[in-house]
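Take a look at the structure set out below.
The values are calculated or read from the model by the stated rules, or taken from the named source; none is laboratory data. Every value quoted in this text rests on a predicted model; they were computed, and no experiment measured them. Glycine gets a Cβ as well: all are built from the backbone with ideal geometry, and neighbour counts include every protein chain shown. These accessible areas exclude ligands, DNA and RNA; they are computed on the full protein's heavy atoms, side chains included. Shrake-Rupley method; radii C 1.70, N 1.55, O 1.52, S 1.80 Å.
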Amino acid sequence: QVQLVESGGGLVQAGGSLRLSCAASGSIFRFASMGWYRQPPGKQRELVAAITWSGSTNYADSVKGRFTISRDNALNTVYLQMSSLKPEDTAVYYCNLNQWATDYWGKGTLVTVSS
């Protein structure tokens, strides 16, 4: 089994920054992909950013140039550095790990951006 624990959410003013962390534990395959999704109030969950074991990244158009995803394979941890935050970034942010065609999810951390 795989467990994911997110941290770093909170309330921030527009234009501010936050850094999310997600620590994975359990049976982690070294080639697992990791990423961040978010679910704004009343909307569906959407991909924010993803990163492969080798460091290749993929971003949603809405966050390109503002968010940076990174990972520490030795610690099985993925990070999301969020800058120039906007009110529309308000959402519950979920950590994701994908291995062997199976998705694992954290419980989510709330990010609220005030205008």
| note | The lone condition residue 113 fails out of (1) more than 11 Å from the chain's Cα centre (by Cα); (2) open to solvent by 50 Å² or more (accessible area, probe 1.4 Å) is (2)
| query | When only residues in region 10-39 that are farther than 20 Å from residue 70 by Cβ and open to solvent by 60 Å² or more (accessible area, probe 1.4 Å) count, which is modelled with the lowest pLDDT? | reply | 27
| field | Given (1) open to solvent by less than 20 Å² (accessible area, probe 1.4 Å); (2) under 12 Å from the mean Cα position of the chain (by Cα), number of the condition residue 6 does not satisfy | value | (1)
| query | Given the structure, is residue 62 closer than 18 Å to residue 94 by Cα, without any contact (Cβ under 8 Å) to a residue 40 or more places away in the chain and either touching a Pro at 6+ places or on another chain (Cβ under 7 Å) or open to solvent by 50 Å² or more (accessible area, probe 1.4 Å) (or both)? | reply | yes
| request: Select from region 88-109 the residues that are exposed (fewer than 12 other Cβ atoms within 10 Å of the Cβ) and not polar (S, T, N, Q) and write down the one among them that is farthest from residue 3 (Cα to Cα). | output: 88
| note | (1) outside any strand (DSSP E or B); (2) open to solvent by 70 Å² or more (accessible area, probe 1.4 Å); (3) in contact with a Gly (Cβ under 8 Å, 6 or more places away or on another chain); (4) hydrophobic (A, V, I, L, M, F, W, C) all hold for residue 85 apart from (2)
| note | residue 43 passes all but one of the listed conditions (1) surrounded by 15 or more Cβ atoms within 10 Å (Cβ to Cβ); (2) not in a strand (DSSP E or B); the exception is number (1)
| task | With respect to residue 80, determine if the residue is under 16 Å from residue 109 (Cβ atoms) and either within 15 Å of the chain's Cα centre (by Cα) or not in a strand (DSSP E or B) (or both). | result | yes
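Given 48, 63, 78, which one is modelled with pLDDT of 95 or more and under 12 Å from residue 23 (Cα atoms)?
Values: 48 fails: under 12 Å from residue 23 (Cα atoms); 63 fails: under 12 Å from residue 23 (Cα atoms).
None of the other options fit; the residue is 78.
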